[in-house]
Structures are given as C-alpha cells and as structure tokens.
Amino acid sequence: MPEILHEGRFLRLYRSGTWEYVARANARGAAFIAARTDEGELLLVEQFRVPLDAPCIELPAGIVGDEAAYAEEDFEAAALRELEEETGYRAGRIRHLLTGPTAPGMSSELLHFYVATKLTRVHDGGGVEGENITVHRVPITTIQPWLMAQMAAGKRVDPRVFVGLWFLAQAPTD
C-alpha cells in the first residue's frame, strides 16, 4: 500500500518503496479529443498553464469525474462535453482510440483519447468560468509551420497535439 506524503485539494503525492508519484484526488482520468472540422482543420485550445508559466497549445481535454455534477459521467460523454465547453463545437461522430498513461513516470492518471468529426459550431467556446481558453482552427495542411511559429513565440505545445495529428492521418475522412 503506497504511503500518502501530501494531500491537496486536487492531487495526492504518494510514495511506494523509493518511487514518488501523484494521483488526482477526485477524478477517474482525463479525456483528450482530436477534433477535425469538415474543412480539414484541427481544433486546438490555448490557455495559460501555471506549472509552465506560459501559454500552452493543446487538444481540447478535461478531467473526468472531478466535479460532483459529472462524477459518474462516462469518458465519451465527458469528451463530448469538454469539446463543446472548450471549443464551442459539438461532434456528430466520436470514436475512442486508446487509453494510456499521461505521464507514467510521474502520475497514475490514464488518458482516454478520442477522434471527433462531423462538427457543428454551437457557440464561441472558451471553456467554463475561469478557464480563459482561446480556440484555434488550424488547417491540417499548414499545421507544422503554425505550431513551430507558436513555439518560437514562447508558447508550449503539448506533444499530444502531434499524437492527435498522427491518428487523424490514419483515420478515414468521414
């Protein structure tokens, strides 16, 4: 049984033998969504991330089970909800691709990765109160230079963006 070294509102720090790692205190995992518009764009979100002290370009995503209202929500429903909250787009089709660790050397958290297509814009996005999310629609054909420009400007790009692009390249355009 791991020893709890510290417990905060959202995270617990554990020790198991000589290994230390974190776990989410009130969550069951995270959902990440590679969302492709009918026009061949990838939906990305940008928000300031305190641990990095920088803005970060990411796939739409969210923690699953961390809010009482959504404690029993399944991962697909959470992915759909997060996509709509963050980007303002509703998916007509969503497909689960894989489940795996987010940072296996540091965290016990598992991510649930989805591809969303057949998107309909229903509002401007931006997330829930306090998130301050900027939505980017980036043509997949020009995304590499766009991402490089974002990094050159001092923004961080989550490597899962590249994973999402790889999966989209393998998926049929439905």
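The values are calculated or read from the model by the stated rules, or taken from the named source; none is laboratory data. Note that the structure is predicted; figures quoted are calculated from it, not measured. Counting neighbours? That spans all protein chains shown, and the Cβs are built from the backbone with ideal geometry, glycine included.
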More than 17 Å from residue 105 (Cα to Cα) and either without any contact (Cβ under 8 Å) to a residue 60 or more places away in the chain or not in a strand (DSSP E or B) (or both): does that describe residue 9?
yes
Report, ordered by the first and then the second residue, all pairs with beta carbons closer than 6 Å, sequence separation of six or more or different chains, a first member in the range 81-95 that is among the polar types (S, T, N, Q), and a second member that is modelled with pLDDT under 95.
87/125
Here's a check for you: in the range 52-67, which residue that is of a type outside the set (Asp, Glu), at pLDDT 95 or above and more than 13 Å from the chain's Cα centre (by Cα) is surrounded by the most Cβ atoms within 10 Å (Cβ to Cβ)?
55
Failed condition for residue 57, given (1) without any contact (Cβ under 8 Å) to a residue 12 or more places away in the chain; (2) touching a Lys or Arg at 6+ places or on another chain (Cβ under 9 Å); (3) not acidic (Asp, Glu), with all others met?
(1)
Result of the Cβ filter at 6 Å on the range 136-162, keeping first residues that are within 24 Å of residue 114 (Cα to Cα) and partners that are part of a helix (DSSP H, G or I) and aromatic (Phe, Trp, Tyr), at least 6 apart or interchain, is 138/146
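Here's the yes/no breakdown for (1) modelled with pLDDT under 95; (2) hydroxyl-bearing (Ser, Thr, Tyr); (3) surrounded by 12 or more Cβ atoms within 10 Å (Cβ to Cβ):
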| residue | (1), (2), (3) |
| --- | --- |
| 69 | yes, no, no |
| 88 | no, no, yes |
| 91 | no, no, yes |
| 102 | yes, yes, yes |
| 136 | no, no, yes |
| 161 | no, no, yes |
Mind checking whether some residue in the range 109-124 is hydroxyl-bearing (Ser, Thr, Tyr) and buried (at least 16 other Cβ atoms within 10 Å of the Cβ)?
yes
